[in-house]
Amino acid sequence: MTVASGRRRAALRAFTRGYLSHRAGMAGLVVLAVALLVAVLAPLLVPASALSVVDAGGPILAPPGSGGLLGTDENGRSVLALTLVGTRVSLVVGIAATVLSVLLGSLVGMLAAHFGRVVSAVLMVVTDFFLVLPSLVLAIVLSTVLERGLLTIVLAIGVTSWASTARLVRAQTLAVEARPYIERATVLGGGHAHLLGKHVVPAVAPLVLANTTLTVGSAIIAESTLSFLGLGAPGSVSWGAMLRSAVESGAITAGAWWYLLPPGLAIVAVVLGFTLCGRALEVQLNPALAARR
């Protein structure tokens, strides 16, 4: 075992111990683990007939108890079944859109910081354009123009929410490239690919990871908002689509709170879980934050 690999393993063990001691971070991790387990097992827990409007045989807008554990919707379907199945769409779209957003933002940020001058000026103008305009409004426009579907939602959220990540990565890249070992690597003949891949990416990756967990929550909220506005994938069950159906079916005026609370609380729980995990990662990766605990 080399000295470098030994240091990496020691750092990983210290990081793991620190994260395990962070109670809020562990609580968020448990919430996300449960949500992921539900998303994976949803097809086994909920048969396809339970989601069919034609096959639904339950009473309409029945309260919990007489209509099942969490009641029924306007078509007699189980709200619990809809909530469990909606976990898949919300998590998949949220995570996929975040990956696209983080990759695009990291690429723009590193290129702008590394090459500077004209490249930086052009990329930062584009970044500022996306920062000034509300990302949700741009996502609504893209979802309206493009063909409706899950891929469209992922593109709409990912393409419009990368600017803040680009600014963050650019600042971190500038700090990394100001260090002496970067200058030494440049003098020794290191090219752009070597500097970025060997030195910049490993130094920026922890910050990007922490930012990613925080971005997923925003992406899930954006997906729920688009679905609530009727811009989601047709025929798919998501938490935002459930809230839209509850409003359109008159569940609010009918006092059917059991139709609104499960998807709403699910959104809050998952977003809170990602936020707690992100804050815990920030504390572990930034010693200054750990000292303030």
Extended-chain gain in nm, criterion 0.36 nm per residue less alpha-carbon gap, VAL268 and ALA10: 89.3 nm
Per-residue ³J(HN,Hα) for the stretch 21-37, Karplus 6.51 cos²θ - 1.76 cosθ + 1.60, θ = phi - 60°, Hz, x for Gly and Pro: 7, 8, 5, 5, x, 5, 4, x, 5, 5, 4, 5, 5, 5, 5, 5, 5
Percent accessible area from carbon and sulfur atoms, the stretch 34-139, protein chains only, probe 1.4 Å: 77 percent
Signed unit charges on C-beta, dipole axis of the chain, positive-most listed residue GLY197, GLY105, LEU91: GLY197
Where the chain is the region considered: accessible area per residue in Å², 1.4 Å probe: 52 Å²
Computed [θ] at 222 nm, helices only, for the chain once each DSSP H run of length n ≥ 4 contributes -39500 (n - 2.57): -24500 deg cm²/dmol
Karplus-derived 3J(HN,Hα), 6.51/-1.76/1.60, for each residue of the stretch 116-127, Hz, glycine and proline x: x, 6, 5, 4, 5, 4, 5, 5, 6, 5, 5, 5
Charge dipole (debye, nearest 20) of the chain; +1 at Cβ of Lys and Arg, -1 at Cβ of Asp and Glu: 1460 debye
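The values are calculated or read from the model by the stated rules, or taken from the named source; none is laboratory data. All of these numbers come straight from a predicted model, not from anything done at the bench. Here the Cβ is made from the backbone with ideal geometry for all residues, glycine too, and neighbour counts use every protein chain on show. Please note that ligands, DNA and RNA were not included when accessible areas were found on the heavy atoms of the full protein model with its side chains. Shrake-Rupley method; radii C 1.70, N 1.55, O 1.52, S 1.80 Å.
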